[in-house]
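For reference, the structure discussed in these notes is given below.
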Amino acid sequence: MLFPEREGVFRRGGSGWVVFFLVFSLFLASAVLGQSGDDRLRQLEQEVAALKAEVAKLAASPANPASPPDAARLAEIERRIDLLAGEIERLKIGEAAASADTAQHGYGPAASKIYRTPKGVAIGGYGESLYTHYAGRSDDGTRADVTNRLDLLRGVVYVGYRWNDRWLLNSELEWEHGNTDKGGEAAVEFAYLDYLYRPALSFRAGFMLMPVGFINELHEPTTFLGAKRPDVETLIIPSTWREGGLGVYGESGPLSYRAYLVTALDASGFSAEEGLHEGSAEGSNAKANDFAAVARLDYTPVPGLLLGASGYRGNTGQDLKTEAGRRIAVGTSLYEGHLEWKWRGLELRGLAVQANLGDVAALDRALDLAGESSIGERLRGGYVQIGYDLFARAPHGQQALIPFARWESYNLQARVPAGFAADPANDVKSLTLGLVYRPFDSVVFKADLQNYDNRARTGLDEVHVSLGYIF
């Protein structure tokens with residue numbers, strides 16, 4: 001039996017380590033042996049290596065390196081290396097440019113195909129599958145009777161249409177968990193119209209992704225490290241959060257922005273265990289008694305460095321009333337700041353978020369919640385993540401092999417109303433260690449270990465293996 005006890009994914013000798021080691025070895029072997037067959041790319045890489053060797057030889061020469069001939073030669077070599085590096089980068093994204101280019105206007109690489117289509121129909125999509133193996137015992141030693149799962153998380157098709165250089169439609173059709181007869185669902189993830197007025201000001205209306213955090217807009221599996229989306233960007237920032245409304249967006253130099261007026265969340269879907277995650281009606285007869293404003297500003301001072309923040313505010317009671325008939329407003333505000341830096345194979349990402357809710361005591365009573373089941377008046381969380389592409393210094397075509405680590409901390413009941421208590425199980429910290437392998441830009445394989453801890457000592461560790469693609 002492969003997992004006879006399931007006594008702990010992370011204990012010494014535990015079977016989870018065996019699974020992870022085997023997956024790690026498989027990814028590493030395929031990465032090393034499966035080098036790109038693109039002759040031109042290989043030729044360019046060899047030329048760069050030869051030029052770097054010449055630089056090293058000149059530097060070690062007994063001749064004066066500051067003499068005019070050597071100085072001129074060094075300058076010429078460095079210029080040639082820069083030109084070749086640029087051509088290598090263009091070749092590395094060349095084949096994927098039609099389907100896996102950069103994200104645009106708040107949507108992922110595949111979802112942005114319509115913006116690269118001069119006219120007519122654009123088809124794209126993505127999918128991801130996830131295997132989850134749970135530890136046999138929680139942190140307090142209690143046996144966990146949890147079944148391991150292999151799930152077709154999502155199968156997505158993007159359909160866009162561009163009428164002319166001003167007007168376009170973009171939409172996402174999603175099927176989750178493989179089969180609607182087995183608990184899965186089919187949904188329209190977004191469907192909106194854009195009017196492209198000018199780069200600094202365009203207009204958007206319809207059913208849109210909320211421009212908050214990293215993952216909500218850029219959730220295609222090739223755009224983030226880790227087999228699962230971060231919990232902070234699932235529970236505090238709902239995933240996938242979309243609302244109906246209208247707004248504006250644009251960019252000017254290093255600045256870009258998005259600002260919308262949208263239907264507000266529904267506070268009757270909030271909970272102590274899942275935070276704000278179930279607050280969105282996801283376009284299914286969404287209540288529209290209350291509306292909210294959401295806005296985002298990003299600053300890119302240099303290529304690869306992103307600094308930004310976003311905010312959301314609105315009443316989320318959606319006409320919920322007390323027994324006496326008083327309207328419960330539940331004013332909800334959410335603010336987050338984010339940073340991302342990509343440089344020579346290094347990927348650094350950080351995010352912090354806080355949500356504040358008003359009139360929660362009345363909301364709890366309306367939903368018959370008591371004791372530790374109170375919805376949080378304040379929810380707070382954040383994470384930092386670092387990864388490094390081992391092939392950055394010695395390119396293997398489009399391949400990437402990225403070990404990474406993510407430290408995450410969040411509390412869904414950082415503050416509760418007077419007369420209620422916080423459940424220590426909702427004060428969570430987790431460490432994720434993993435490996436990502438991309439044979440080319442549109443396909444990704446991931447494996448990671450996730451160590452959960454909470455103040456109630458009921459954390460249950462997990463091993464994940466996933467595959468994803470975009471087109």
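Looking at the stretch 269-312, which of its residues are of a type in the set (S, T, N, Q), more than 13 Å from Met210 (Cβ to Cβ) and either modelled with pLDDT of 95 or more or in contact with a helix residue (DSSP H, G or I) (Cβ under 8 Å, 6 or more places away or on another chain) (or both)?
Of everything in the stretch 269-312, those that are of a type in the set (S, T, N, Q), more than 13 Å from Met210 (Cβ to Cβ) and either modelled with pLDDT of 95 or more or in contact with a helix residue (DSSP H, G or I) (Cβ under 8 Å, 6 or more places away or on another chain) (or both) turn out to be Ser271, Thr300.
Does the stretch 337-351 contain any residue that is buried (at least 22 other Cβ atoms within 10 Å of the Cβ), of a type outside the set (D, E, K, R) and closer than 22 Å to Leu261 by Cα?
Looking for residues that are buried (at least 22 other Cβ atoms within 10 Å of the Cβ), of a type outside the set (D, E, K, R) and closer than 22 Å to Leu261 by Cα, one finds none in the stretch 337-351, hence no.
Give me the pairs, please: first residue somewhere in the stretch 153-179 and farther than 23 Å from Trp241 by Cβ, second residue anywhere and basic (Lys, Arg), beta-carbon distance under 6 Å, and either six or more positions apart or on two chains.
Sorted first by the residue in the stretch 153-179, then by its partner, the pairs are Arg162/Lys119.
What strands (runs of 3 or more DSSP E) completely inside the stretch 256-347 contain at least 1 residues that are more than 24 Å from Leu201 (Cα to Cα) and touching a residue at least 12 places away in the same chain (Cβ under 8 Å)?
Passing ranges, in order: 305-315, 331-343.
Taking the criterion of being within 25 Å of the chain's Cα centre (by Cα), at pLDDT 95 or above and charged (D, E, K, R), would at least one residue in the stretch 357-376 satisfy it?
Within the stretch 357-376, not a single residue is within 25 Å of the chain's Cα centre (by Cα), at pLDDT 95 or above and charged (D, E, K, R).
For Asp368, state whether it is free of Cβ contacts under 8 Å to residues at least 12 places away in the same chain and surrounded by fewer than 22 Cβ atoms within 10 Å (Cβ to Cβ).
yes
What strands (runs of 3 or more DSSP E) completely inside the stretch 156-212 contain at least 1 residues that are touching a helix residue (DSSP H, G or I) at 6+ places or on another chain (Cβ under 8 Å)?
167-176, 185-198
Test Glu233 against the stated conditions and say whether it is farther than 21 Å from Gly382 by Cα and either surrounded by 21 or more Cβ atoms within 10 Å (Cβ to Cβ) or not aromatic (Phe, Trp, Tyr) (or both).
no
Among (1) in a strand (DSSP E or B); (2) charged (D, E, K, R); (3) surrounded by fewer than 20 Cβ atoms within 10 Å (Cβ to Cβ), where does Lys446 come up short?
The number of the failed condition is (3).
Report, ordered by the first and then the second residue, all pairs with beta carbons closer than 8 Å, sequence separation of six or more or different chains, a first member in the stretch 389-400 that is in contact (Cβ under 8 Å) with a residue 12 or more places away in the chain and surrounded by 21 or more Cβ atoms within 10 Å (Cβ to Cβ), and a second member that is in a loop (DSSP other than H, G, I, E, B) and acidic (Asp, Glu).
Gln398/Glu95; Gln398/Asp441; Ala400/Asp389
Filter the stretch 139-157 for residues that are small (Gly, Ala, Ser) and within 27 Å of the chain's Cα centre (by Cα) and give the result.
If the condition is that a residue be small (Gly, Ala, Ser) and within 27 Å of the chain's Cα centre (by Cα), then Gly155 is the only one that fits.
Name the single residue, out of those in the stretch 158-188 being under 30 Å from Leu201 (Cβ atoms) and of a type in the set (Val, Ile, Thr), that is surrounded by the most Cβ atoms within 10 Å (Cβ to Cβ).
Val159
Is it the case that the stretch 285-295 has a residue that's acidic (Asp, Glu) and crowded, with 21+ Cβ neighbours inside 10 Å?
yes
Based on this model, can you work out whether Arg457 counts as charged (D, E, K, R) and under 26 Å from the mean Cα position of the chain (by Cα)?
So Arg457 fails the test.
Using the structure shown, decide if Thr132 is β-branched (Val, Ile, Thr), at pLDDT 70 or above, under 30 Å from Glu189 (Cα atoms) and not in a loop (DSSP other than H, G, I, E, B).
Against the criterion (β-branched (Val, Ile, Thr), at pLDDT 70 or above, under 30 Å from Glu189 (Cα atoms) and not in a loop (DSSP other than H, G, I, E, B)), Thr132 qualifies.
Quick check on my filter: what residues within the stretch 387-441 are among the small types (Gly, Ala, Ser), in a strand (DSSP E or B) and either over 27 Å from Gly125 (Cα atoms) or in contact with a helix residue (DSSP H, G or I) (Cβ under 9 Å, 6 or more places away or on another chain) (or both)?
Within the stretch 387-441, Ala400, Ala405, Ser409, Ala414, Ser430, Gly434 qualify.
Considering only residues of the stretch 436-464 that are of a type in the set (A, V, I, L, M) and out of contact with any Lys or Arg (no Cβ under 7 Å at 6 or more places or on another chain), which is farthest from Ala227 (Cα to Cα)?
This residue is Ala456.
The values are calculated or read from the model by the stated rules, or taken from the named source; none is laboratory data. Bear in mind the structure is a predicted one, so any value in this text is a computation, not a measurement. As a convention, Cβ positions derive from the backbone with ideal geometry for all residues, glycine included, and neighbour counts pool all protein chains shown.
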